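Report on the structure given below.
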Amino acid sequence: MIDGGTNINPSPEAGSTADGGRGTRTDSGSSGAGGSSGTGGSSGAGGSSGTGGSSGTGGSLGRGGSSGTGGSSGTGGSSGTGGSSGTGGSPGTGGSSGTGGSSGTGGSSGTGGSQGTGGSSGNGDAGAPPSTGTQQRPSYNTGTGFFVVGSKLYDADGNEFRIRGINHLHWDSASPGLAKTGANTERWVIDFGQSISNNIALMQKSINNKIVPMPGSWDGTCNESTGTLSSIVSKWVATASQWKTIEKYVLINIANEWGPSGSTVWRDQYISAIASLRAAGIKATIVVDAGGCGQDNPDLAQYAAAVFNSDPEKNVVFDQHIYGMWAVGGASWQTDLTRGLDALAATGLPFVIGEFGPGRNIGPSPTTMTPGQIIQAAESHGFGWMAWAWDDPPGQADDTWFALSLNGDYRSSSDLTIFGKDVVENATYGLKKLAKPASIF
């Protein structure tokens, strides 16, 4: 998402900069990355890239719409969520049409067959034990932090960890309430222009609150230049030794919403980026966003397996953002929520819905899908999820934009927006109901 004002793309992160703007919000100096996710921006990323924009949606659809329903690449035999929820071998997920075999991403039975996370998907996890017990770190994974087996993420103690969290846009504004929400993951917009010690200190705040930090660079939001991604990667590499000090707790989100839609350029550049980070000694779980301002489904459905299998650590989680290029049902230029997530589940890989907004046709990439529809779709597929954003804007917020908190704090429901109350307090799918902290704390 983008943070800012006129920006480039459909995601709401609106702010100034090329992030995509939601229209008014400015990032208040945070990270210079425009503060947020870049999918937001109006203009720019929207109609451009020929993927979306058309159909009179203007920049609002961002590029996402490309290739339409996204189901592409093998929603194949997905048959609903087909075991996507990682329940492994549960009814309908098995070796049958499920999410597996047919998509060509894994071995024979997709995420099903053995425990759903087992050796079917071709992720290098053959013979994985059931997710109900403690998972042993695979021999090929040489890190000390989170690791992936099949479609699941595990913490350093070998216990399954489902990401359920919140995006944190303004690192330079107080947000005391976020830690009170029950969120187990905090996705940070960080600024590589400040000292690495300051960035590590921000991550330590999350760790002290028993929340998993996910730092990310917003410098490439809705940008398709390979040079931009290379520049971002060089900053991670230059500070690799410092990130190594918190490897046990951190998930590294290389670049927010970088890259073209449905493109081998996205695939090849991320293969190169991961190789560079691994060569620099970063062994932590890497999070890779879809291209097309984060909303493109074909990038992930078609090419995520190649990116994952290129990693010697086999330790990558993929991030799909959901705004106006998605819909329940889906128009000709939109990706249908169910079919799009089915296509991801069919790969047998781990996914997180790393951004979604309040719905109600708010923002530059508007949608009528509710937070509840998106969260419950993620849950039914076994995916993690994170709402955008706690502090967009960081103060004096209202119900017309993307903030979950009205003032940065959370002492009672009166401190939350309509969006915030739904994401945090909903008795069926809210953070307080579903989020569980990592067992390493």
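Quick notes on this one:
- Residue check for residue 427: modelled with pLDDT of 95 or more, surrounded by fewer than 16 Cβ atoms within 10 Å (Cβ to Cβ), among the small types (Gly, Ala, Ser) and in a loop (DSSP other than H, G, I, E, B): yes
- Of the residues making up region 381-388, one or more are open to solvent by 10 Å² or more (accessible area, probe 1.4 Å) and either hydrophobic (A, V, I, L, M, F, W, C) or closer than 28 Å to residue 306 by Cβ (or both).
- When residues of region 294-314 are limited to those that are in a loop (DSSP other than H, G, I, E, B) and on the phi < 0 side of the Ramachandran plot, the one most open to solvent (accessible area, probe 1.4 Å): 312
- Any hit, region 235-243, residues being farther than 25 Å from residue 439 by Cβ, touching a strand residue (DSSP E or B) at 6+ places or on another chain (Cβ under 8 Å) and surrounded by fewer than 23 Cβ atoms within 10 Å (Cβ to Cβ): yes
- Checking each residue in region 389-424 for being closer than 26 Å to residue 337 by Cα and open to solvent by 10 Å² or more (accessible area, probe 1.4 Å) picks out 399, 400, 401, 418, 421, 422.
- Residue match in region 361-373 (condition: crowded, with 20+ Cβ neighbours inside 10 Å, without any contact (Cβ under 8 Å) to a residue 24 or more places away in the chain, in contact with a helix residue (DSSP H, G or I) (Cβ under 8 Å, 6 or more places away or on another chain) and not in a loop (DSSP other than H, G, I, E, B)): no
- Filtering region 259-293 to residues that are open to solvent by 20 Å² or more (accessible area, probe 1.4 Å), farther than 22 Å from residue 334 by Cα and either in contact (Cβ under 8 Å) with a residue 60 or more places away in the chain or among the polar types (S, T, N, Q) (or both) leaves 269, 272, 276, 283.
- Selection from region 204-229 of residues that are touching a residue at least 40 places away in the same chain (Cβ under 8 Å) and surrounded by fewer than 23 Cβ atoms within 10 Å (Cβ to Cβ): 204, 207, 210, 224, 226
- Subset of region 200-238 (residues that are over 17 Å from residue 290 (Cα atoms) and not in a helix (DSSP H, G or I)): 209, 210, 211, 212, 213
The values are calculated or read from the model by the stated rules, or taken from the named source; none is laboratory data. Here the structure is a predicted model, which is why all the values come from computation and not from measurement. Glycine gets a Cβ as well: all are built from the backbone with ideal geometry, and neighbour counts include every protein chain shown. Keep in mind that these areas ignore ligands, DNA and RNA; they rest on the heavy atoms of the full protein, side chains included. Shrake-Rupley method; radii C 1.70, N 1.55, O 1.52, S 1.80 Å.
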